[in-house]
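**Q** Here you go, one structure.
Derivation of every value follows stated rules applied to the coordinates shown; laboratory data play no part. As the structure is a prediction and not an experimental result, all values here were calculated from the model. Positions of Cβ are backbone-derived with ideal geometry, glycine not excepted, and every protein chain shown enters the neighbour counts.
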Amino acid sequence: MSGSTRSTVRVGIVGAGGIATGAHLPALRAVNEQAGRQRAAVVGIADLDPARAASTAAEHGIPAHFPSAEELLAATRPDLLIVCTPPGAHRSAVVAGLAAGAWVWCEKPPMLSLEEYDDVARLEREGGPYASYVVQHRFGSAAQHLRDQMSSGRVGRPLVSVCHTLWYRGHDYYDVPWRGKWATEGGGPAMGHGIHQMDLYLDLMGEWTEVTAVADAQDRTVETEDTSLAIVRFESGALGSIVNTVLAPRETSYLRFDFTNGTVEVEHLYGYTNDHWRYTPSPHLPEDQRDAWLPQASTASSHAAQLGELLDSMDRGERPRASGADGRRTLEFIAALYQSAETGRPVRRSDLTASGPYYTGMHDPAVAYPTADSPQARDDRPGGPPDPAAEAAAAAAPTAAPTGADAAHLPDDTILETSRG
Ligand SMILES: NC(=O)c1ccc[n+]([C@@H]2O[C@H](COP(=O)([O-])OP(=O)(O)OC[C@H]3O[C@@H](n4cnc5c(N)ncnc54)[C@H](O)[C@@H]3O)[C@@H](O)[C@H]2O)c1
């Protein structure tokens, strides 16, 4: 699919649920309208539930429907497969798509683990097909403008940052069997909800080096967390604070960046336009540098904005954004967030190796998340509070604070304990 700048991209969709009908089919219509021609045409849709596949096909004028991704791919040979299945079924559909030679655009979260992500990425070929992932908030014009302002140095150095996903999902939301479970959703709101803001945030802030997190299940009946908080250090020296929850009745998605030359904020819920962004210049800036910050272009963050860019990449036979290392960054961060929350220790990015404990999954099955009913689970974790009896015994024993080579062999927390004043 390279070089064919005017041909119609033949699209297959797997998973005919809420996001397929509510976001992807409208996005396909929008890119066609914007191009003034049939840039992409849906040639078939698949769903495990044949009645749903049939009714969606009838309602949206899709010529064929199938009970599986494999049958859709074999019968229609699409150029692009859009994967809208629940997270636990992403991998098989993406693998089937790439194996059939189709480019793939898969819903978030990309995969259930870094191992799955890497296995899938190995099926890509130079020039395509590539697997890319839905991260629609990166693609609004205001985010692109801020990216440009950061690389030109106009806003100065990033110092402090905030990334909040304060959303509300009631108890009934978790009646859907795949939600709230490690095996099928891959995680709680860090993986399923906050991933949107965190992806935009990390895309703008650049490489992170260390994360320290806590996560609990405070009010929903889930295996995973329903809330997580994290502190992050960036290579640039900037610091950040992240909250992901589904327990917030006044919902908001809020990102804030304090640079040496000003503060940039966006507050929205499920998508932003330029109007959701605000710029406050630093008091030291001269009058002629305090002008309005917003971009000339006005593109809302949306599936359509990302799809337009993906189709451009297909036209050129080039790796799209949000694939490969660029699509992996947020999943790495989430793996580190869970590792820190479950072990009670900071996690450095360099700890996330293929032999590391959170490479094959986001969760250690031996860890139960603290809930309102069993807050003691927190203390059972490897990094939980020390055993008071062991502490008393240690205090009674004659000890000297380890120094030099001895100290270097002890875990970080031991050194901290012994150097406490
Ligand atoms: N980007 C966003 O803003 C956004 C918003 C909501 C959901 N999502 C993501 O979209 C995906 C789907 O969510 P949804 O809300 O549409 O779920 P849904 O339950 O409404 O729809 C999923 C559909 O997939 C079908 N399905 C399940 N396994 C399948 C398989 N192996 N093969 C074929 N079909 C299969 C189900 O029968 C169902 O019809 C999830 O990954 C979710 O995280 C993204």
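**Q** Can you give the three extents of the C-alpha atoms in region 158-291 along their principal axes, from longest to shortest, in whole Å?
**A** Answer, in whole Å and largest first: 57, 32, 20 Å.
**Q** Report, please, the projected area of region 99-215 averaged over directions, based on the convex hull of its C-alpha atoms, in nm².
**A** Mean projected area of the Cα convex hull: 10.3 nm².
**Q** Taking the Cα centre of each part, how many Å lie between region 309-370 and region 141-207?
**A** If you average the Cα positions of each part, the centres end up 13 Å apart.
**Q** Can I ask one more? Tell me whether region 185-246 comes out rounded, prolate or oblate; compute the Cα gyration tensor, take square roots of the eigenvalues as a ≥ b ≥ c, and use a/c under 1.5 as the rounded threshold.
**A** Details: a/c = 2.93, a/b = 1.97, b/c = 1.48.
Prolate, since a/c reaches 1.5 and a/b exceeds b/c.
**Q** Restricting to DSSP loop positions (anything but H, G, I, E, B) with no more than 14 other Cβ atoms inside 10 Å of their own Cβ, which trypsin sites (Lys or Arg not before Pro) remain in region 99-203?
**A** When the trypsin sites (Lys or Arg not before Pro) of region 99-203 are filtered for loop state and at most 14 Cβ neighbours within 10 Å, 122, 125, 154 remain.
**Q** Shape call for region 13-152 from the C-alpha gyration tensor, a ≥ b ≥ c root eigenvalues: rounded (a/c under 1.5), prolate (a/b greater than b/c) or oblate?
**A** Because a/c hits 1.5 or more and a/b fails to exceed b/c, region 13-152 counts as oblate.
**Q** If you don't mind, another one. Principal axes first, then extents: for the Cα atoms of region 223-366, list largest minus smallest coordinate on each axis, whole Å, largest first.
**A** The Cα atoms of region 223-366 stretch 57, 44, 34 Å along their principal axes.
**Q** Pick out, from 65, 335, 368, the residue whose Cα sits farthest towards the positive end of the charge dipole of the chain, with +1 on the Cβ of Lys and Arg and -1 on the Cβ of Asp and Glu.
**A** The listed residue farthest towards the positive side: 65.
**Q** Counting each DSSP H run of 4 or more residues in the chain as -39500 (n - 2.57), what helix-only mean residue ellipticity at 222 nm follows after dividing by all residues, to the nearest 500 deg cm²/dmol?
**A** Helix contribution divided over all residues of the chain: -9500 deg cm²/dmol.
**Q** For the chain, what are the per-bin percents of Cα-Cα distances with bins 20 Å wide, up to the bin holding the maximum?
**A** Bin by bin from 0 Å, the calculated values are 24, 53, 20, 3, 0.
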